[in-house]
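Below is one structure, written out as structure tokens; comments come after it.
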Amino acid sequence: MRTSGLAALCAIVFTNGLLAQEAPKTEPKADAAKPTEKSSVTEHTIQIGGQTIAYTATAGTILLKDEKGEPTASVFYTAYTRSGDAGTRPVTFIYNGGPGGSSAPQHMGAFGPKRVITLDAGPTPPSPYKLVDNTAGCLLSVTDEVFIDPVGTGFSKAVGKAEDKQFWGIDEDVNSLAQFVTSYVTRNNRWNSPKFLIGESYGTFRNAALVNRLQSQGMDFNGVVMISTVLDLRTLAFGPGDDLPYILYLPSYAAAAWYHKALKNPPADLTAFLKDARQFAAGEYAQALQKGSKLDAQEKARVLKELVRFTGLSEDYLTKANLRVNAFQFMAELQRSSGMVTGRLDARFSGYAFDRLGENAQYDPMSTAVFGAFVASFNRYIREDLKFGQDMDYKLLNEQAGGGWNWKRKVPLSFFPVAPNVEGDLTQAMVSNPHLKVEVENGLYDFATPFFGAEYTMDHLPLPDKLRGNIQMKYYNAGHMMYLHEADLDQLRGNIAGFIHGAAN
């Protein structure tokens, strides 16, 4: 998933009397072809853990409809179902984030039956790419999988009189996916199946709102997997006068500085080092920032030395930054002396700087390192192996969706706009269904959704103590897309498979 921090991402007005003119009469349009659903069904096998699994792949579309029964959107999905199993087998719905991202990275990099080989922590060379059986990550041994592309991504699009932008927003997106999931479950007789959601990045934001919406409509879920989590966009925003993001990012900066050997006295134990970074960030650093201009010189000097120890940045730079360095500044500064910028989605990645004097990184070297492989491999796979989409254009990432997203939601007891937040949705979903389990997957080198931010969010959910045990935290020596690192992909699959098995039984 490529996004700019979660994506930052015309109207033409006719005047001078043109609107007053009577519109010319036109002949009625010939009836356009009525939207229809399409599908391709193929049979396959894969070996996982020494076991041969036969499965059915269905690549197809489901039409969404309005209250009048008129089609409004065609949603593309790819479902993998294990052959011969009854309707009580778990089913898991999987999507990416963005917003505006298709599910191809999860499909081709993480959990699908096929996986494209990419280089770890470096740019993958151009085609030909190697597609292999995904024995390390595929979840078919424990659950059926349904990969979903939201409207405007992949092959999914608005139909009839609707437009893609009508589906671009927090609640608009949830409404469409809730209808899709309900339709899929009904058509495939999966109401009695244990049900799970897996979302990445903005997909975790979507997870919270979607599981709450579906459960309020009578469809309970067993579990939700959050990969690289954000539920409160304030934690990522670096807004003026808001010190919280600087606090929450500091341990991730420490991890990146340790990885790139930017520390003067690097510790041998990364785990212990990050524990110290958390304590400093939440303690002395947070207290110093909250004092603002009242911070005295002695305390500032002490905090400055600790920031140097944890970030590897110079005292001069940190002084000029007033102890506050945002993610894009850190990406540009950490390896500036080498003429390199540091990755955002995964700080282990490095790339050549466009502007060695630039304050902020101009691009994310992790994104450019792998997305070409995902685009080419999915386009080849869906057409050659699954026999679908020969005459269709697949959108891996729709930046218009991210740029045009409707972030507005009604917030109880608030008369003013607040940062988009779905913590209340997840809390309500867990309180109303005390059996709902949540697993949070965190990459230590993730600058898009830092792990300390996920910890802070989960610790601040207003849950009863008895329900806090329903949340599990997992960590990986990789970044936002931890499945790019094969050892972590194997660990990720093992963690999620164990989570699904436990929550389904």
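Residue under question is T457, and the condition is that it be surrounded by 14 or more Cβ atoms within 10 Å (Cβ to Cβ), part of a helix (DSSP H, G or I) and hydroxyl-bearing (S, T, Y); does it hold?
So T457 fits the description; yes.
Among G137, G87, G101, which is in the same structural domain as G203 (by TED's automatic domain parsing) and at pLDDT below 95?
Only one candidate qualifies: G87.
Answer with yes or no whether Y363 is among the hydroxyl-bearing types (S, T, Y) and closer than 16 Å to A448 by Cβ.
Against the criterion (among the hydroxyl-bearing types (S, T, Y) and closer than 16 Å to A448 by Cβ), Y363 qualifies.
Check the stretch 419-436 and report whether any residue there is within 30 Å of P194 (Cβ to Cβ), in a strand (DSSP E or B) and of a type outside the set (S, T, Y).
Yes, that holds for at least one residue.
On the basis of being within 30 Å of K114 (Cα to Cα), modelled with pLDDT of 95 or more and not small (G, A, S), does T427 make the cut?
Here the answer is no, as T427 does not meet what is asked.
Name every residue in the stretch 314-356 that is loosely packed, with under 13 Cβ neighbours inside 10 Å and assigned to a strand (DSSP E or B), in order of residue number.
Y352
Here is a yes/no grid of residues against (1) among the polar types (S, T, N, Q); (2) part of a helix (DSSP H, G or I); (3) crowded, with 20+ Cβ neighbours inside 10 Å:
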position: Y129; (1), (2), (3): no, no, no
position: T135; (1), (2), (3): yes, no, no
position: E145; (1), (2), (3): no, no, yes
position: K165; (1), (2), (3): no, yes, no
position: D171; (1), (2), (3): no, yes, no
position: L177; (1), (2), (3): no, yes, yes
position: T182; (1), (2), (3): yes, yes, no
position: R190; (1), (2), (3): no, no, yes
position: L197; (1), (2), (3): no, no, yes
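On the given criteria, is I247 in the same structural domain as S350 (by TED's automatic domain parsing) and of a type in the set (V, I, T)?
Against the criterion (in the same structural domain as S350 (by TED's automatic domain parsing) and of a type in the set (V, I, T)), I247 qualifies.
Mind checking which residues of the stretch 55-81 are farther than 20 Å from N96 by Cβ and buried (at least 17 other Cβ atoms within 10 Å of the Cβ)?
Y55, L63, P71, T72, T81
Are any residues in the stretch 465-476 surrounded by 10 or more Cβ atoms within 10 Å (Cβ to Cβ), outside any helix (DSSP H, G or I) and of a type outside the set (F, W, Y), and if so, which ones?
N470, I471, Q472, M473, K474
Here are the criteria: (1) small (G, A, S); (2) more than 30 Å from V375 (Cβ to Cβ); (3) part of a loop (DSSP other than H, G, I, E, B). Tell me which single one G479 does not satisfy.
(2) is the only condition that G479 fails.
Name every residue in the stretch 372-403 that is assigned to a loop (DSSP other than H, G, I, E, B) and within 17 Å of P113 (Cα to Cα), in order of residue number.
D385, L386, K387, F388
The values are calculated or read from the model by the stated rules, or taken from the named source; none is laboratory data. Treat the numbers as computed from the prediction; the structure is a model and nothing was measured. Neighbour counts run over all protein chains shown; Cβ positions are idealised from the backbone, glycine included.
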